[in-house]
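Contents: one structure, followed by commentary.
Nothing in this text is a laboratory measurement; each read-out follows from the coordinates by a stated rule. Since we're looking at a predicted model, the values are computed, not measured. For neighbour counting, all protein chains shown are included, and Cβ atoms are generated from backbone atoms with ideal geometry for every residue, glycine included.
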């Protein structure tokens, strides 16, 4: 029985997703963004209830197209459904809105505002993710990096820790660790 | 004694064999049970362990699978080196594509089963295979395949066998040692009983002896049964003694009277006796005296048996003793042309003894000496050795061989073939007994064809001490 189930599953998977290589860069990044939720633990009090949604915010231009929505559609992590919120360009007046996210993806378009954004997010329990160079050095938490064809991760655990976020050691294991001096 | 003939083994060894065999049987059974139990349960235990390993490995690889990090995945699988029984491992992504792998022996096969074709667990061909789904946050992120050999199980079973043999050897020696100690509690009382039985059996008819009953076990039963048997025997013997005693008493006086009448007739009290009558009367007197002697001896023996013989000890001169002894024999010796020599009778040696019993012993010796000597002489020699007086009776008769000497003073001889020459043969037994109860002794040396020397020893009378030495 189990064997049969696995065959079916393998077939379904093969039809639904062709090889990784055929995915676009942002489809992969969208998946990663969603998966961070599995490896990060937010402090007590972040969620009002067990069914409160995990909000993934996208700040600046959205590079994912529809990939992010497709990725998280109908999915949940530990009972928390996933919501996507798009914020457009950084606006100081909307900082309180940003702070309500659990994961905040800072688009490359916000490169010039990065210091200001990170300053606004400091001390809040928001996991900051970006593809802006030197992101961890600036106090960001997770950077999407590239190593040949492969998308890699660079993490600043110190920054996460000061925001009371616990990043799983398993995630740290697969990432380059940035250590602040 | 053959090792295999269990029936003929000494009890000591039987007990040891039984103990050792039962110890070994118990041990072998116990080890066999453990062995089988291990063989039966080991695959399950092994599977559980492997499952646990797979779950841990799978859980640890969720991030690597999720974030497509082959290097970390390979590193993680590499930690399987710590468990040398793991032959190979393979990590698949959620679509069943091979993601990372591990091989204990680099040269071994590099093909891993496809996710679809492998059952969850499989135990075959000396290897145990397991497939484990990997979940992360409720989503399947991949699969893990692990394969271990069963070398460990074989090693364990081999060790079991070795330990069994080792413990078997050790317990063999321990049980041998313990058995050799413990068997004494059975065999030693038994040996004691058997030894005492033989003592009694060889003993001079002393059936008043009894075995000590050492315990309430079967050996005690044997001793008790033997004692009961001896009791019966004693009853029979007592009856015999009583019978002899009564009959002898009843016969002794009539025989003595007949002898007296014959002597009177020979002395001519009843008138002239012609030579023919004298011949008959002489014969009758010889027979009568023989009977009288036999009856006296039987009476003495029955007294000895009943333990009612006592010695009446007084100072007495050796000269008097010898004189009383030879009184009735001078005539007979003259008739046989034997020379009687007396030596040392004039030295005034005083004995401290029962005169009548010493005389009876000496008369027995003299009587025997005369019977056994057809020509030559009989010598009675009086002397002393330290505080012992010695009276020897030497003859130049036929002598005796070693075998005869060995049983000379026993009364068992009565029924033997020697009886023909020496009457009832009880004389020497009685003589020796009479000497022993007055702290004396009777011994003999002899040589076939040259003659015998009987040596009678009794304490000398010590004037200064006033008592016997």
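Compactness of the stretch B:313-468 was expressed as the Cα radius of gyration divided by 2.2 N^0.38 Å, which yields 1.01.
Just so you know, the Rg over Rh for chain B is 1.56, from Cα atoms, with Rh as the Kirkwood radius.
Counting Cβ atoms of other protein chains within 10 Å of each Cβ in B:55-68 and taking the mean gives 5.
Figure the gain on full extension for residue B:201 and residue B:266 (residue separation times 0.36 nm, minus the Cα-Cα span) and round it to one decimal in nm. Numbers along the way, then the final one.
Details: separation 65, 0.36 × 65 = 23.40 nm, distance 5.00 nm.
Fully extending the segment from residue B:201 to residue B:266 adds 18.4 nm.
Looking only at the protein assembly as shown, where both bridge partners belong to it, what percent of the DSSP beta bridges are antiparallel (to the nearest 5)?
Numbers: 65 of 88 bridges.
Expressed as a percentage, antiparallel bridges in the protein assembly as shown total about 75.
Applying 0.36 nm per residue to the separation of residue B:188 and residue B:289 and subtracting their alpha-carbon distance, the gain on full extension is 30.9 nm.
Extension gain, residue B:403-residue B:49: 0.36 nm per intervening residue step, less the Cα-Cα distance, totals 118.6 nm. Given R0 = 60 Å, the distance between the Cβ atoms of residue B:256 and residue B:26 translates into a calculated FRET efficiency of 0.15. Quick check on chain A: take the gyration tensor over C-alpha atoms, sort the square-rooted eigenvalues as a ≥ b ≥ c, and tell me if it's rounded (a/c under 1.5), prolate or oblate. Prolate is the answer for chain A, as a/c is 1.5 or above and a/b outweighs b/c.
Per-residue ellipticity at 222 nm from helix content only, as computed over chain A with -39500 (n - 2.57) for each DSSP H run of at least four residues, stands at -9000 deg cm²/dmol.
Highest average first, the peptides A:137-147, A:89-99 ordered by how many other beta carbon atoms sit within 10 Å of their residues are A:137-147, A:89-99. When you count the other C-beta atoms within 10 angstrom of each residue and take the mean per peptide, B:6-12, A:154-160 line up highest first as A:154-160, B:6-12. The share of alpha-carbon pairs in the protein assembly as shown lying farther apart than 43 Å comes to 62%.
Would you mind ranking B:453, B:90 so that the residue whose beta carbon has the fewest other beta carbons within 10 Å leads the list? Display every interim value, and only then the final one.
Details: B:453 18, B:90 23.
Result, fewest neighbours first: B:453, B:90.
With Cα atoms defining each centre, the stretch B:286-322 and the stretch B:5-19 are spaced 54 Å apart in the structure.
When the helix-only estimate is applied to chain B (DSSP H runs of n ≥ 4, each -39,500 (n - 2.57), divided by the residue count), what is the mean residue ellipticity at 222 nm, nearest 500 deg cm²/dmol? Value at 222 nm, helices only, nearest 500: -18000 deg cm²/dmol. Once you reduce the stretch B:164-222 and the stretch B:68-98 to the center of their Cα atoms, the two points are 72 Å from each other. For peptide B:138-147, the mean count of partner chain Cβ atoms within 10 Å of a residue's Cβ comes to 2. Over the stretch B:36-179, the pair-distance histogram of Cα-Cα distances with 10 Å bins from zero comes to 11, 36, 26, 12, 8, 5, 2, 0 percent, rounded to whole numbers. For the stretch B:229-301, the normalised intensity computed at q = 0.12, 0.19, 0.27 Å⁻¹ comes to -0.46, -0.77, -1.10 (log10 of I(q)/I(0), Debye sum over alpha carbons, equal scatterers, no solvent). Here the residues B:402, B:75, ranked from fewest to most Cβ neighbours within 10 Å of their Cβ, fall in the order B:402, B:75. For the residues of A:167-174, the average number of beta carbons from a partner chain within 10 Å of their own beta carbon is 6.
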